[in-house]
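Data block below; observations after.
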Amino acid sequence: MRITQLFLMILLSWFIPAVGLAQTDPPTFRDFSTLTPGLPTPLALEQAFPFYVSIVSPGKMRVTWNLADGHYLYRHAFDFSMQQNEGSESITVDAKIPDGLKKTDQFFGQIEAYYTRVSIELSLTTVPGPDAILMIEYQGCADWGFCYPPQQSPFQLVP
């Protein structure tokens, strides 16, 4: 009986480390349809939530998203800040965020969402330097149940 137990322990020691070290690459958007048959493939982020920044006047900007059909952005996920240069401390940017559509979301419960188009007015609280960056944070989902991770997009400011 001891020989059988010893043999099993040796045999298991050969296979357990190999199983523990086996790794697979995380799925990509292209792999998503094979993992979830019957559901659409998510759009690329740039197709789902394209946005642009326009200068309204000195120190005032507007960020506008033109969302793909069936996609929405979360009001609570918007955040805007400025850095005078890469790695410097974040400076608050005042944002006027319009009211959104109230809905029950499968991920966050009661929320406000934006479909089709949303524009947010920004006011800088300090004059940007030559290397200043506006950090634009947002998150959105597709109606069919795919939620994109939170995004941080830097935008180079020109003083």
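Some notes on this structure:
- Scope segment 120-135; condition touching a Pro at 6+ places or on another chain (Cβ under 8 Å) and crowded, with 16+ Cβ neighbours inside 10 Å; matching residues: Ile120, Pro128, Ala132, Ile133, Leu134, Met135
- For Gly38: the one exception among (1) at positive phi; (2) assigned to a strand (DSSP E or B): (2)
- Considering residues of segment 101-159 that are under 14 Å from Tyr72 (Cβ atoms), part of a strand (DSSP E or B) and of a type in the set (Val, Ile, Thr) only, the residue modelled with the highest pLDDT: Val118
- Number of positions in segment 109-142 that are of a type in the set (D, E, K, R) and either closer than 11 Å to Ser81 by Cα or touching a His at 6+ places or on another chain (Cβ under 7 Å) (or both): 1
- Members of segment 74-98 found to be touching a residue at least 24 places away in the same chain (Cβ under 8 Å), more than 30 Å from Gly109 (Cβ to Cβ) and assigned to a loop (DSSP other than H, G, I, E, B), listed by number: Gln84, Asn85, Glu86
- Of all residues in segment 74-105 being under 19 Å from Tyr52 (Cβ atoms) and of a type in the set (Phe, Trp, Tyr), the one that is surrounded by the most Cβ atoms within 10 Å (Cβ to Cβ): Phe80
Listed here are the residues, each with its yes/no results for (1) basic (Lys, Arg); (2) surrounded by 14 or more Cβ atoms within 10 Å (Cβ to Cβ); (3) without any contact (Cβ under 8 Å) to a residue 24 or more places away in the chain; (4) in a strand (DSSP E or B).
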| residue | (1), (2), (3), (4) |
| --- | --- |
| Leu43 | no, yes, no, no |
| Gln47 | no, no, yes, no |
| Ser54 | no, no, yes, yes |
| Met61 | no, yes, no, yes |
| Tyr72 | no, yes, no, yes |
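- Qualifying residue in segment 112-124 (condition: small (Gly, Ala, Ser), more than 20 Å from Val63 (Cβ to Cβ) and touching a Leu at 6+ places or on another chain (Cβ under 9 Å)): no
- Residue match in segment 106-115 (condition: farther than 18 Å from Glu46 by Cα, free of Cβ contacts under 8 Å to residues at least 60 places away in the same chain, aromatic (Phe, Trp, Tyr) and loosely packed, with under 13 Cβ neighbours inside 10 Å): yes
The values are calculated or read from the model by the stated rules, or taken from the named source; none is laboratory data. Only a predicted model underlies this, so the values are computations on that prediction, with no experimental measurement involved. Every residue, glycine as well, gets a Cβ built from its backbone with ideal geometry; the counts of neighbours run over all protein chains shown.
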